[in-house]
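Trainee: Mind looking over this structure? Questions follow.
The values are calculated or read from the model by the stated rules, or taken from the named source; none is laboratory data. As the structure is a computational prediction, the values presented were derived from the model and not from experiment. Methodologically, a virtual Cβ is constructed for each residue, glycine included, from the backbone with ideal geometry; neighbour enumeration extends over all protein chains shown. These area figures cover heavy atoms from the full protein model, side chains too; ligands, DNA and RNA do not enter into them. Shrake-Rupley method; radii C 1.70, N 1.55, O 1.52, S 1.80 Å.
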Amino acid sequence: GRRGRGARMRGGDRRYNIAVSFLDAARGGRQRIALGNERTLDVNIPAGIDNGQVIRLKGQGEPGIGAEPGDALIEVRVEDHEFFTRKGLDVHVELPVTLKEAVAGARIECPTIDGMVALKVPKHSNTGTQLRLRERGIADAKSGRRGDQHVTLKVVLENAADPALERFVQGWSPKGDDIRRRFRI
């Protein structure tokens, strides 16, 4: 008999890179990718995908010889977000609050990856005060467990001058120790 008759060889895999927005990586979505030869494909972005992870599209690589085609391997680069950052399954955000909200406490709106939620700012908060929104982070694709969102408060003054606030502060004498005492040499 003849040798090599019916030789079969699986097609080679092809590698691609795509940039995905932070929110699409966190929540999942769809994105169109050009595969070459004027071929495009809509790719499902799984919720919770992280930077550097690879999406495998079975059968979308090089054609095989008498066998199945290879796969398309799409490496994901997650773009930075304006105010969200990710650490594991947790999402972090720095949230500006007014002086009045920090001193007197308030209910304010806070952004999450799923939209705005009400957040209670405790009385006597300061810049650096951290609050946690349970299960408002990234969902783990395997376990379904969801991370938290960590909110760090940042007290900011309004841009416009406020004469009433200036008069109040000039006449105010804070009680307690000098807050810079620990910095003295």
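Trainee: What pairs from LYS87/LYS142; LYS87/LYS123; LYS58/LYS87; LYS100/LYS120 go past 20 Å between their alpha carbons?
Mentor: Pairs exceeding the cut-off: LYS87/LYS123; LYS58/LYS87.
Trainee: To continue, here is another question. Which of the GluC sites (Glu not before Pro) found in the stretch 106-170 are loop residues per DSSP with 12 or fewer other Cβ atoms within 10 Å of their Cβ?
Mentor: Loop-located and lightly packed - GLU135, GLU158.
Trainee: While we're here: I'm a student and want to see the number: the projected area of the Cα convex hull of the stretch 1-130, averaged over all directions, in nm².
Mentor: Taking a quarter of the hull surface, the average projection is 10.7 nm².
Trainee: Just the accessible area per residue of the stretch 1-116, please: how many Å² with a 1.4 Å probe?
Mentor: 64 Å²
Trainee: Next question, about the same structure. What is the magnitude of the charge dipole of the chain about its Cα centre, with +1 placed on the Cβ of each Lys and Arg, -1 on the Cβ of each Asp and Glu, and no other charges, expressed in debye to the nearest 20?
Mentor: So the dipole magnitude of the chain works out to roughly 860 debye.
Trainee: State the answer as a single residue: which of ASN37, SER21, ALA47 lies farthest towards the positive end of the charge dipole of the stretch 10-50, with beta carbon charges of +1 for Lys and Arg and -1 for Asp and Glu, about the Cα centre.
Mentor: ASN37
Trainee: Leaving out ligands, DNA and RNA, and with a 1.4 Å probe, what % of the accessible surface on the stretch 1-71 is carbon or sulfur?
Mentor: It is 44 percent, rounded to a whole number.
Trainee: Which ³J(HN,Hα) values, rounded to whole Hz and listed in residue order, are derived for the stretch 108-122 from phi using the Karplus coefficients 6.51, -1.76 and 1.60 in 6.51 cos²θ - 1.76 cosθ + 1.60 with θ = phi - 60°, glycine and proline given as x?
Mentor: Working through the residues one at a time gives 10, 8, 10, x, 10, 5, 9, x, 7, 9, 7, 10, 8, 8, x Hz.
Trainee: Still on this structure, please answer the following. Using only DSSP helix segments of four residues or longer, with each worth -39500 (n - 2.57), what per-residue ellipticity at 222 nm results for the chain after dividing by its residue count and rounding to 500?
Mentor: Dividing the helical sum by the residues of the chain leaves -3000 deg cm²/dmol.
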